[in-house]
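Bear in mind these aren't lab numbers, they're just calculated from the coordinates by the rules spelled out. All values reported here derive from a predicted model rather than from experimental measurement. Don't worry about glycine lacking a Cβ; one is built from the backbone with ideal geometry, like all the others, and counts go over all protein chains shown.
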Amino acid sequence: MQLWSIPYLALLSVGLISMGASPGFLAFLQFTLLPFSGGSSHLKKSAAYYPRVAVVIPAWDEADCIKASITALMQLEYPAERVRVYLVDDASKDHTPEVMEELLCEFGGRVVYLRREQGGEGKAAALNYGFAKILSEEWAQALLIMDADVLFMPQTLRKMTRHLADPEVGAVSCYIKEGSASNHWLSKYVAFEYAIAQAAARRTFNVIGFQPCLAGGAQLHSRENFEAIGGRIDTSTLAEDTFTTIKTQQLGRKVIFEGSTQVWAEEPASLGSLWRQRVRWARGNIQITGVFAKSWFRRTTVTSFPRKIFYDLIWFSLLLMPFIAAVATACLVLLYFFNSPQAWQLMRYSSFIGLVCWVYILTASLLADVQTAKRSWPQAPMFPGLISLMIIVSCAFRPEVGWAVHHAARWVSGSSNWVPPAQRLMLFAYLWIAIAMPLTWLAKYLDDRKVKYLPHIIIFFAGYGALVLAASCSAWWREVRGAERSWDKTVKSGSVGVGG
Amino acid sequence: MSKKLKKSSKKAQLRDSAEASKVLVGTKADGLIFSESVGITASSTTLPGRVMDLPGSWWIPGKAMGRVLVGTFPTAAGVRSGEIKPTLVGGRRLGSSSPGVGVVGLQITAVSGSRYSARELDKLYTSDVLEDRGSGRNFLRLQLVAVAVTIAFVMLLVVANKVNW
């Protein structure tokens, strides 16, 4: 029986396979807004505005980081008497108190040390402890939430506060760059990922007029806005920064991403640590979707309805990516068994579109942050993984089963006469993403056990993108079975530096 | 900072702090410190509290020790002032009246209580806006390059698919 002869099923399959290409295509459409991000800049409505800023830093065993980060804050090109740093020590067991004692001596009244005797309840709980103290006084006109490992550039804070001169703006963030001093291969992948997700994507969200998340590493709120969203961080989700961002916009205040300035942060240098961080983020996003269930695909006062719909489509395409990939793969395999030529044709079309989208997103992101491009250029094109790239390139370029895959199989077999089973190669190509995800989990497993080289090789072939997708699958699984919402702290070594 | 030091520092035509990755501690003319322009990379090593080694030839009279130098450091490194600290050079302590050749330690100190006038704050804002407009135009140019690359790639893809290999 030919599936193609059953119009409804065929149509459904084609539709579902096309849906598989939709996240990439939506991302492409989103990135076409990038050249317009300058024109829609909020700079016109900004002004010289230097409010009194209370900087809140939650710290849990961060003794290695806090000295550099607080000292950088003391060096801001901003009126010193208008910046006060509140470090909330979440019952650290390391030598954080001793480091703070030293800093208190050095910087006097500009640094306030708050220590919780009972800690470990997560970042949000520590932040709320600090907010209670800050909001009980009249001093603060704005609140800057940051992480203990983040290093501010001298001009960063004033470039952020200038947007708060516009009363319609509730919160501002900036580009958080990967700044690990080490030259670890994983740091380079993360640096490029941030170039895509922040330097490029958040600029496009400025054009759309609705931001999904201002990173918790550098999130500035006006006092009015912060009090309006409750004066505290919601502790019911694992994505406290996304919550404050969406809540701010839901209440009618704009959120701005300031792409012209940056801060430096240390990102995970091991696959295990990265995995836990991404699972936490993905779980947070799933929870956020539920918390704001009534606001999706609805009008908002901060942007136009079509733009909001576009934003919502992007949000859900990323959130549901594991399901979209699974359904598209299943449909492609099903179609392969019923009508292989049609399946192949669809694979070719989607590869063609996917490759063009990837080339644009890749070049646009690299050119959005040339400094990162210089650092991560070998990792950037390999983001989807070598095998995915070979499949997609060979499918897009050749009318028969891929030239590159064909020759790779010949090379592996060691025989120049060996003819690869074209049909089976097709099936392999369709199933590859489902194979790649467990492989990335294996890479994480090996990295946790300190196996050298092999994790890197696996990620090189299977793809960093597949790793993030696998972490997203894990997050869904944990949410579905109601796993404990524990706060897995990302271990920081304090090796971050200005300039990476 | 003493008036004398202020005056001599001015005479020395210290480089503007905006010149990233370069610092001119002083010139021979001011009688305080002699140095070539010294490269400082914007990294954590230039953060306050850290001692930087400045290579080159130095002659530092004792009176310069512990004096604060303002406006001679790269803004990119987040440093606005520094203090010269005695450092051992070849086993000999600098700061004596005899010249030392080798490496001098420069202790970067934190700026505290720095006050800006309203005019200076406005000036900072204006320079930021001008800088951002310039970098915004550059950003647009680079994004148009990305669009051109993609269009060229699509053409390549179409042609490659039409050619009979």
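Our summary gives segment A:78-135 a relative contact order of 44 percent, counting only alpha carbon pairs under 8 angstrom and 6 or more residues apart. Summarising the label geometry, the points placed 7 Å from Cα in the beta-carbon direction at residue A:312 and residue A:184 lie 4.0 nm from one another.
Computed from phi, the 3J(HN,Hα) profile of segment A:333-350 under the Karplus parametrisation 6.51, -1.76, 1.60 (θ = phi - 60°) reads 5, 4, 5, 4, 6, 8, 8, 4, x, 5, 4, 5, 4, 5, 4, 5, 4, 5 Hz, with x in place of Gly and Pro. How much length, in nm to one decimal, is gained on full extension between residue A:165 and residue A:98, taken as 0.36 nm per residue of separation minus their Cα-Cα distance? Here the segment from residue A:165 to residue A:98 would lengthen by 20.3 nm. Evaluating kT/(6 pi eta Rh) at 4 °C and 1.567 mPa s, with the Kirkwood radius of segment A:163-241 over Cα pairs in the Stokes-Einstein relation, gives 90 µm² s⁻¹. With contacts taken as Cα pairs under 8 Å at a separation of at least 6 residues, chain A carries a relative contact order of 21 percent. With the cut-off at 32 Å, tell me which of the pairs A:133/A:254; A:44/A:123; A:159/A:294; A:93/A:374; A:123/A:308; A:177/B:123 have Cα atoms farther apart than that. From the list (A:133/A:254; A:44/A:123; A:159/A:294; A:93/A:374; A:123/A:308; A:177/B:123), the Cα-Cα distance tops 32 Å for A:44/A:123; A:159/A:294; A:93/A:374.
What ranking of A:156, A:329, A:301 emerges when the number of other C-beta atoms within 10 Å of each C-beta is taken as an exposure proxy, fewest first? Don't jump to the answer; show the numbers that get you there.
Values: A:156 28, A:329 19, A:301 11.
With the sparsest Cβ surroundings first, the list reads A:301, A:329, A:156.
Distances between placed amide hydrogens fall under 5 Å for residue A:211 paired with A:255, all partners being 5 or more residues away or on another chain. A straight Cα-to-Cα reach below 12 Å connects residue A:247 with the aspartates and glutamates A:227, A:234, residues fewer than 8 places away in its own chain not being considered. Were the residues from residue A:340 through residue A:457 laid out at 0.36 nm apart, the gain over their Cα-Cα distance would be 38.9 nm. Amide H to amide H, with H built 1.01 Å from N, residue A:115 comes under 5 Å of A:89, counting only residues 5 or more places away or on other chains. Here the residues A:374, B:123, A:254, A:308, ranked from fewest to most Cβ neighbours within 10 Å of their Cβ, fall in the order A:374, B:123, A:308, A:254. Put in order of Cβ neighbour count within 10 Å, fewest first, the listed residues A:317, A:69 become A:317, A:69.
Over the residues of segment A:331-396, compute the C-alpha Rg and express it relative to 2.2 N^0.38 Å. Don't skip to the end; give the middle numbers.
Details: Rg = 15.1 Å, N = 66, 2.2 N^0.38 = 10.8 Å.
For segment A:331-396, the normalised Cα radius of gyration is 1.40.
Loop-located GluC sites (Glu not before Pro) in segment A:118-206 (DSSP state not H, G, I, E or B) with no more than 16 neighbouring Cβ atoms inside 10 Å: A:121, A:137, A:138, A:168. Averaging 1/r over each pair of different alpha-carbon atoms in segment A:36-136 and inverting the result gives 15.0 Å, the Kirkwood hydrodynamic radius.
Extension gain, residue A:132 to residue A:49, is 27.4 nm, computed as 0.36 nm per intervening residue step minus the present C-alpha separation.
Restricting attention to segment A:83-121, which trypsin sites (Lys or Arg not before Pro) occupy a DSSP loop and are surrounded by at most 16 other Cβ atoms within 10 Å? Write out the running numbers ahead of the final one.
Values: sites: A:84, A:93, A:110, A:115, A:116; in loops: A:93.
Answer in residue order: A:93.
Once backbone amide H atoms are built at 1.01 Å from N, residue A:56 has A:86, A:144, A:145, A:146 as its partners under 5 Å, excluding neighbours fewer than 5 places away on the same chain. What translational diffusion coefficient, to the nearest whole µm²/s, does chain A have by Stokes-Einstein, given a Kirkwood radius computed over alpha-carbon pairs, a temperature of 25 °C and 0.890 mPa s viscosity? It comes out at roughly 102 µm²/s. Scaled against 2.2 N^0.38 Å for its residue count N, the alpha carbon radius of gyration of segment A:247-290 is 1.60.
With a Förster radius of 41 Å applied to the beta-carbon distance between residue B:126 and residue A:370, the computed FRET efficiency rounds to 0.95. For residue B:156 and residue A:236, a Förster radius of 45 Å and the Cβ-Cβ distance give a FRET efficiency of 0.35, rounded to the nearest 0.05.
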